[in-house]
Amino acid sequence: MILFAYAVRRTLAATLGAMAMLRAEQGEWVAAESLVTAALAATPADARLAPRSRAFRVGLLGQRLREQGRTTEAERWLREGIAIQETVWGSVPRDEGATMFAGFSLYFDLALVLAQQGRAEEAFMSLERGTGRTLLEQALRTASTPGSGEGGLALDGLAAIQRTIAPDVA
């Protein structure tokens with residue numbers, strides 16, 4: 001029974017999230033915000049079974065709030081979406097397109113929010129983090145390509161990066 005209830009809530013959240021995207025595409029920010037908020041309410045914050053979906057919905061809410069000029073609220077949701085995405089990034093298979101879209105778009109929106117708040121240096125750092133993720137992804141792909149000749153260098157660089165970041169960051 002519990003699994004059935006979870007499946008219903010997950011389906012409801014997916015439907016509401018899709019409807020929010022449609023409203024957002026039509027420029028109906030208030031309706032999009034309402035729908036994505038309902039989608040988030042349908043799935044608990046600690047839902048470990050679908051973190052990418054939660055990251056998407058949280059990021060969508062942050063984007064909608066940014067569109068409405070509500071930068072303080074938007075910053076909170078965008079940072080949460082990035083945190084979830086970073087955790088997922090390190091634990092699941094991905095491709096460059098997915099990394100670019102899912103990761104960089106949230107960093108870009110956060111940079112816009114920070115710039116709107118007059119925090120130019122933080123905005124620049126947000127863009128740097130987002131683009132750095134994409135470059136790292138490309139370096140990893142090059143390292144795993146047979147005959148690339150530079151695989152060891154890329155993997156050594158990755159190891160050095162991983163030693164310097166916090167353990168809970170991908």
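The values are calculated or read from the model by the stated rules, or taken from the named source; none is laboratory data. For clarity, every value in this text was computed on a predicted model and none was experimentally measured. Backbone-built Cβ (ideal geometry, glycine too); neighbour counts: all protein chains shown.
Check Arg70, Arg79, Arg54 and return the single one that is at pLDDT 90 or above and within 17 Å of the chain's Cα centre (by Cα).
So the residue among Arg70, Arg79, Arg54 that is at pLDDT 90 or above and within 17 Å of the chain's Cα centre (by Cα) is Arg79.
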Residue pairs meeting the criteria (Cβ under 8 Å; at least 6 apart or on separate chains; first in contact (Cβ under 8 Å) with a residue 12 or more places away in the chain, in segment 13-24; second of a type in the set (Lys, Arg)): Ala13/Arg57; Gly17/Arg57; Ala20/Arg57; Ala20/Arg64; Ala24/Arg64
